[in-house]
Amino acid sequence: MSDIGGLAEIPVDKDERPLPLPAASVRNALVDGPILRTLLWLAWPNVIALSAGTCVVIAETSYIGRLGVESLAAMALVFPVVILTMTMSGGAMGGGVASAIARSLGAGDTERASALATHALLIGICFGLTFMLGMLIFGRLLLEVLGGRGNVLAQAVAYSQIFFGGAVLPWLMNSMAGILRGTGNMKLPSAMILSSAICQIILGGTLGLGLGPIPQFGMRGVAAGSLIAYLISISVMGWYLFSGRARVVPKIRGLRIRAPMFFDILKVGAVSCLSPLQGVLTISIFTHLLAGFGTAILAGYGIGARLEFMLTSVAFSVGIASVPMIGMAIGAERIARARRIAWTAGLVSFISVGAIASVIAVFPDLWVTIFTHDESVRAASRQYLTTAAPCYAFIGLAMSMYFSSQGAAKVVGPVLAQSARLLFIGCGGWYLSAHGATPANFFTLAAASMVVLGVLSCSSVILTRWDPKRQTAAPIRPALPRVGAAKEAGA
């Protein structure tokens, strides 16, 4: 028998001339490229953009300080709620959006990814409205509970009324950024964060302090400057998404609202929101524990916490870059590659954050001198940084594991690790307070909690299965009755 029948047929035209071979499929670097190089290529725009975000915090502190001490205190009062809003909409829900879209693209389902993008925008609008109504109705009461009194409370309320009156804007902006990141586009969201940071500094300072014919609006002007900057970013990203230039175009015409789409995003994003919430609670509890030692100790800790905030942005840059890589690998059912990406990102975050923090631990005055020349505060800050800064590497590791788990849609473990840290700080702080501990003991507690968080986050990734659930196939029934059965029926 001839073997010709086993060969692939060569395509020919009507004149029996061979047709050119089809072009090879486009190689997707996120799915097939070298892991470390691709990860760093995706991460570097985020590093630049988030460094600009740190500059915004420093600049805002500078020009709000010109409004007076009460304005600084008002900003400190409302700042945790603002940070909670931004981290929930950006890192938590934004990561959930990026994960869902990346997994759909990895499976080759662009149509589903487009529908997910529209559902993500609806989620952002709904959460923004929730924050808006919550703060407009209960904001004053919350700020009073946090310790706001007199003119400080009045200025904090003035800021929150403007900022949270437009709370839909940061949620919508970060939802769009999450859609783009899910496609592997890190440059446009990073460029928008960078431009938004520049606009915030210029507009916030101008409207807050006044310039030329523009009157001084105080805290309301600072909040308005932030919202205008967000609106500019939304306009640019919205144009890019809906003009068809993005890999995924949100589907508006003929869209059907489907619960599974919401669930695919919220099973990662909603659970992830618990992590920044617990992080804020942890910082609040620890701040309350240190408040009894006086202003110098509390201020010294605050300077060290600012370094942690800055270095967290480095880990965020690497972690968020791993989300589309892992999501697409999971969608393509390449589980081993997804895990290699996770450990590579974790190692990069651990080394980069740990290297910077270790230098500051050895030479704390490089950081402390930027903020204060008060000797008692400097001494407290040196003590904290010498003790805790070497352990910041574990914070970077934990954040990387958190984002990697988002990409795999298995985020419960890292969130529970954050719960364990909160419990560790609460119980440890109670024990130390009951036994007359010194500030140095509390600083050691903070360092130990970072190690606990990093180790448990890694353990959760090791112990969690990333393989997608496979549905059991139904037994195949013959299309035609068996011959014997047909004869028996005929008899």
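The values are calculated or read from the model by the stated rules, or taken from the named source; none is laboratory data. This is a predicted model, so every value here is computed, not measured. So basically every Cβ, Gly included, is an ideal-geometry build from the backbone, and we count neighbours across all protein chains shown. For accessibility, only protein heavy atoms count, side chains too; no ligands or nucleic acids. Shrake-Rupley method; radii C 1.70, N 1.55, O 1.52, S 1.80 Å.
Ignoring ligands, DNA and RNA, what percent of the 1.4 Å accessible area of segment 119-203 is carbon and sulfur?
On the way: 2470 of 3280 Å².
Answer for segment 119-203: carbon and sulfur cover 75 percent of the accessible area.
From the protein chains alone at 1.4 Å, what is the descending order of accessible area for Y402, Y431, largest first? Walk me through the numbers before you get to the answer.
Numbers: Y402 25, Y431 125 Å².
From most accessible down to least: Y431, Y402.
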Fill in: Whole-number Å³ per residue for the convex hull built on Cα positions in the chain
247 Å³
Fill in: T372 accessible area, assembled protein chains, probe 1.4 Å, Å²
20 Å²
Discussion item. Quick one: the Cα spread of segment 354-444 along its three principal axes, in angstroms, biggest first?
Written reply: 48, 35, 18
Practice prompt. Would you work out which of F242, L298, I320 lies farthest towards the positive end of the dipole of segment 221-331? Charges go on Cβ: Lys and Arg +1, Asp and Glu -1.
Written response: F242
Worksheet item: Under a 1.4 angstrom probe, counting protein chains only, how are W44, W466 ranked by accessible area, largest first?
Response: W44, W466
Worksheet item: Where does the Debye-calculated log10 I(q)/I(0) of segment 232-325 sit at q = 0.12, 0.19 Å⁻¹, using only Cα point scatterers of equal weight, no solvent?
Response: -0.70, -1.12
Practice prompt. Report, to the nearest 10°, how far helix 69-87 tilts away from the longest principal axis of the Cα atoms in the chain, using its own Cα long axis and a range of 0 to 90°.
Written response: 10 degrees
Practice prompt. Roll a 1.4 angstrom probe over the protein heavy atoms and tell me the percent of accessible area of segment 330-416 that is carbon or sulfur.
Written response: 69 percent
Worksheet entry | Lysine pair number, Cα distance threshold 28 Å (strictly under), the chain, separation 8 or more or different chains | 9
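Relative to the compact-globule scaling 2.2 N^0.38 Å, provide the ratio for the alpha-carbon radius of gyration of segment 243-285. Provide the component values of the computation, followed by the final result.
Values: Rg = 16.5 Å, N = 43, 2.2 N^0.38 = 9.2 Å.
Taking the Cα Rg and dividing by 2.2 N^0.38 Å, one obtains 1.80.
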Item to complete: Report, to the nearest 10°, how far helix 219-242 tilts away from the longest principal axis of the Cα atoms in the chain, using its own Cα long axis and a range of 0 to 90°.
Response: 10 degrees
Worksheet item: With axes computed from alpha carbons, what is the tilt in degrees of helix 375-388 against the longest principal axis of the chain, rounded to the nearest 10 within 0 to 90?
Response: 30 degrees
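Roughly how many Å² is the accessible area per residue of the chain, as a whole number, for a 1.4 Å probe?
48 Å²
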Worksheet item: When the helix-only estimate is applied to the chain (DSSP H runs of n ≥ 4, each -39,500 (n - 2.57), divided by the residue count), what is the mean residue ellipticity at 222 nm, nearest 500 deg cm²/dmol?
Response: -26000 deg cm²/dmol
